[in-house]
Amino acid sequence: MTSATDISNRIIEAVMAQKLAPGARLGEQQLAMLFDCSRTIVREALTQLAARGIVTVSSRRGWYVIEPSLSEAREAFEARRVIEMGLIRCTTSVSKVAIKQLKAHLAKEKAAVKGDDVGLRSFLLGDFHVCLAECLGNNLLADTLRDFTARTTLIAMLYQSSHDAAHSCAEHVEIVAALEQSDWARAEQLMQTHIGHVQAALKLETASGDPLAELRHALKPLSGASATAGATPAQDLHTSPSKKSPKDPSTYLGALL
């Protein structure tokens, strides 16, 4: 019989494989039919995921996958830095069995990068960090990293990551090589650089630092379009003082922009 843990694990896998997008609705009845179980078990699984910060619930919308805010995205990457760099820093030895397991994972990554299955590629690139924690002997942090990796996958989807999969895989290879050589300082530095590259590839803020730049650009009038007689051109909403009374409600958007 399908358990709540089975369902929550499948949902986490789907998120890491980019098959469930931020904001995707998770209907209790549909999931119960899909997994051939009761809605009580589904609700238990979704409650577990809500506690782990992967889904949320609304009294009107029901259950849905989280849509991380800009601040939550930055916090997630800071948390990963603390966990993953700290994990390496506390390492004193890595067994040959662990190195072999990591290299086996890297072989799957390389094959996925060359292949056409985007979902498998996304999952393996994220799961490397979970595998690393397991191989370094900390299953508790492995579980934590699984959730953080799922969150950063959602962040990558929401904020249009441009990070190259092959580059990410190559950085994983360098980290494992440093661990195999017992060069903990280099492995820690490589991990910091890797997480920084992943974060830098996200559109978390505009290059100009202007939070309204994207909206301002979108609302700019089309080239050659004439303004309605007597109306204030859209580009003047911010650059030119309005000639209307400040109490005129139509000037409010201009004041805001």
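The values are calculated or read from the model by the stated rules, or taken from the named source; none is laboratory data. Keep in mind that what you see is a predicted model, and the values were worked out from it rather than measured. Glycine also receives a Cβ, built like all others from the backbone with ideal geometry; neighbour counts cover every protein chain displayed. Note: accessible area is taken over every heavy atom of the protein model, side chains too, but ligands, DNA and RNA are not part of it. Shrake-Rupley method; radii C 1.70, N 1.55, O 1.52, S 1.80 Å.
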Answer yes if at least one residue in segment 101-120 is out of contact with any Lys or Arg (no Cβ under 6 Å at 6 or more places or on another chain), more than 29 Å from H167 (Cβ to Cβ) and without any contact (Cβ under 8 Å) to a residue 40 or more places away in the chain, and no otherwise.
no
Read through the list (1) touching a residue at least 12 places away in the same chain (Cβ under 8 Å); (2) not in a loop (DSSP other than H, G, I, E, B), then give the number of the only condition that V94 fails.
(2)
Please verify whether L46 is open to solvent by less than 30 Å² (accessible area, probe 1.4 Å) and without any contact (Cβ under 8 Å) to a residue 60 or more places away in the chain, treating the condition exactly as stated.
yes
Quick one: which residue in V94, V130, V82 is in contact with a Lys or Arg (Cβ under 6 Å, 6 or more places away or on another chain) and modelled with pLDDT of 95 or more?
V130
Per the filter on segment 49-86, residues assigned to a helix (DSSP H, G or I), without any contact (Cβ under 8 Å) to a residue 40 or more places away in the chain and under 18 Å from R25 (Cβ atoms) are A50
Which of the residues spanning segment 62-76 are open to solvent by less than 30 Å² (accessible area, probe 1.4 Å) and either farther than 22 Å from Q48 by Cα or touching a Phe, Trp or Tyr at 6+ places or on another chain (Cβ under 7 Å) (or both)?
A73, A76
What pairs come up if the first residue lies in segment 1-22 and is farther than 14 Å from I41 by Cα, the second is open to solvent by 40 Å² or more (accessible area, probe 1.4 Å) and part of a loop (DSSP other than H, G, I, E, B), and their beta carbons are under 7 Å apart, counting only those six or more places apart or on different chains?
P22/E67
Single match in S168, S182 (criterion: modelled with pLDDT of 95 or more and at positive phi)
S182
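Which of the residues spanning segment 59-74 are of a type outside the set (K, R) and either more than 29 Å from V42 (Cβ to Cβ) or touching a strand residue (DSSP E or B) at 6+ places or on another chain (Cβ under 8 Å) (or both)?
G62, W63, Y64, V65, I66, L70, S71
Given the structure, is E75 under 13 Å from the mean Cα position of the chain (by Cα) and either more than 23 Å from A14 (Cα to Cα) or of a type outside the set (F, W, Y) (or both)?
Numbers: under 13 Å from the mean Cα position of the chain (by Cα): yes; either more than 23 Å from A14 (Cα to Cα) or of a type outside the set (F, W, Y) (or both): yes.
Yes, satisfied.
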If you scan segment 157-199, which residues turn out to be open to solvent by 30 Å² or more (accessible area, probe 1.4 Å), without any contact (Cβ under 8 Å) to a residue 24 or more places away in the chain and part of a helix (DSSP H, G or I)?
A170, E174, A177, A185, R186, Q189, T193
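The rows are residues; the columns are (1) open to solvent by less than 60 Å² (accessible area, probe 1.4 Å); (2) farther than 29 Å from C169 by Cα.
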{"site": "S3", "(1), (2)": "yes, yes"}
{"site": "D6", "(1), (2)": "no, no"}
{"site": "E13", "(1), (2)": "no, no"}
{"site": "D36", "(1), (2)": "no, yes"}
{"site": "G86", "(1), (2)": "yes, no"}
{"site": "T91", "(1), (2)": "yes, no"}
{"site": "S95", "(1), (2)": "no, no"}
{"site": "L106", "(1), (2)": "yes, no"}
